[in-house]
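Undergrad: Structure in structure tokens, see below.
Values in this text are rule-based calculations from the coordinates and carry no lab data. Keep in mind that this is a model prediction, so the values were computed, not measured. Cβ coordinates were reconstructed from backbone atoms using ideal geometry, including for glycine residues, and neighbour counts include every protein chain displayed.
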Amino acid sequence: MDTISIVGGILSVVIVCIATGFITYLVVQRTMRDTKRSLIKEAESEAEMIKKEKMLQAKEKYIQLKSEHDRMVNDRNSKLKEREHTLKQQENSLQQQHNEVERKSKELTQTKEQMDNHIAVLDSKKEELEKSIKSQNIKLEQIGGLSSEDAKNILVENMKSEAKADAMSYINDTIEEAKLSANREAKKIVVQTIQRVATETAIENSVTVFNIESDEVKGRIIGREGRNIRALEAATGIEIIVDDTPEAIILSGFDPVRREIARLALHQLVTDGRIHPARIEEVVSKVQRQIEDEIAEVGKRTVIDLGIHNLHPELIRLIGKMKYRSSYGQNLLQHSRETANLCGIMAAELGLNTKVARRAGLLHDIGKVPDDEPELPHAIIGMKLAEKYKEKPDVCNAIGAHHDEVEMTSIISPIVQVCDAISGARPGARREVVESYIKRLKEMEDIAMAYPGVLKTYAIQAGRELRVIVGSEKISDAEADQLSHDVAKKIQDEMTYPGQVKITVIRETRSVSYAK
């Protein structure tokens, strides 16, 4: 009985479990169907939205393409109208030209008919004249007893002797007139050449004014105890004058290159704001490289402006360096350009090669540019430089002979000599005093540079002070004192100068280490 009860309980439990599972399965299936229907509805609604969005985009794209097409059609129509209008104008112009040609053709036809009538009249008159001449010749032969051929021979002999006498007289008169007018024509060519070239007066070449925004910058340039200004003067060799002049600093020195380096370096330092000795040396070194690049660029522009080709790069660099050289106060580059233009114009007037003339005129003072100045005239130095860099013999001779140091062998040489004199002899072109002053300062620097251990020399304060920078490892303090005394004595013995010259020997010791 108990066993039957247990089995019946187990069966009831199994039946209940099966019924529960079946009911759960039905519920899950119904739930899945509901979820599926909802997902399908959501997908259908999303698809409908996407469909509507795509249709809107398609409509917008269609409208945009239609507007672009309409715009293109309108542009094309406007261009066609403009073209049609242009063609109508051209057609009208051609019609007018055609009418003009027809009118001129009618006029030419009428003129030709008139000329044919005149020619017919002239032919008839010519026949009448020939008949008249024949009848007169027959009468003359009867009267004179000579035939026309004999009379013609006698007349020709008489005319020959008379023509020879007239020709000799004409030749003599022409030669005398040529001698009288030769000087007048030469002066005319020179005057016309001078009038066709613009001129400039002598330039200032000893002082540059550096403008600053406020006087506060002056203190920063001077630095603590003047160390900045001393470092700048030592690096550039230019005297920097800071006085009561408002918003200005004066850079004084006879060398234009040094003054330009000092001006550009000071401009960069003031703009940057960092002003101290190490920075000053760095900026000055950088500006010196910039000046070298500018010199090369100036030389290239000059030869391009004058139409000179195939010039050696070293000669181009020397031409650019002329910008910072002067001859008796006259800028050397401007003088050489002016001489080249004068030579070209004068050679054209005389029927010579203008390119060679301009080339020789530009290079005639190239011997004044090199820094090392041996005891040779600048014309000889320039001629040797031209020969070194493979210039033509005519150009080399013109350079060497423009001050009569060598004999002239080329027709270009006297032209260069004359044009050099024209450029330098006009009023206001040169200042002899300035040139002698610059030579004196250069000679003063060269005297100090001749001593061993000297690194740099700078003549400042218009030649009243000479600063000599020496190497600390080569010269001691005691030797520096002796050097200043020796240089002063040599300048006193060998040079002529007004007032007195102060010799300042600067010996500086530097210790540099790097933290790594």
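Undergrad: Jot down the radius of gyration and Dmax of the stretch 440-491, Cα atoms only, both in angstrom.
TA: Expressed in Å, the Cα Rg and Dmax of the stretch 440-491 come to 10.5, 31.
Undergrad: Find the centroid of the Cα atoms in the stretch 69-90 and in the stretch 386-417, then give the distance between the two in whole Å.
TA: Value for the Cα centre distance between the two parts: 67 Å.
Undergrad: So what's the net charge close to T302: Lys and Arg +1, Asp and Glu -1, counting the other residues with Cβ under 10 Å from its Cβ? Working shown, then result.
TA: Details: positive: K300, R301, K323, R337; negative: E297, D305.
So the surrounding residues net to +2.
Undergrad: A further question follows. Set the bar at 23 Å for Cα to Cα. Now go through K323/K502; K321/K384; K81/K104; K286/K456; K388/K439; K388/K456 and name every pair that lies beyond it.
TA: Working: K323/K502 31 Å; K321/K384 18 Å; K81/K104 34 Å; K286/K456 19 Å; K388/K439 27 Å; K388/K456 30 Å.
Pairs exceeding 23 Å: K323/K502; K81/K104; K388/K439; K388/K456.
Undergrad: Near V283, within a Cβ-to-Cβ distance under 13 Å, what is the net charge of the other residues, with Lys and Arg +1 and Asp and Glu -1? Before the final figure, lay out the partial values.
TA: Details: positive: R263, R274, R279, K286, R289; negative: D272, E281, E282.
Neighbourhood net charge equals +2.
Undergrad: Check which residues have an amide H placed less than 5 Å from V505's amide H, if you skip close sequence neighbours.
TA: When sequence neighbours closer than 5 places are left aside, the close amide H contacts are V468.
Undergrad: So how do 277-290, 38-51, 397-410 stack up, highest first, on mean other-Cβ count within 10 Å?
TA: With the highest mean Cβ count within 10 Å placed first, the list reads 397-410, 277-290, 38-51.
Undergrad: What's the ranking of 112-118, 339-345 by average number of surrounding C-beta atoms within 10 Å, highest first?
TA: Numbers: 112-118: 10.0, 339-345: 26.1.
The most tightly packed comes first, giving 339-345, 112-118.
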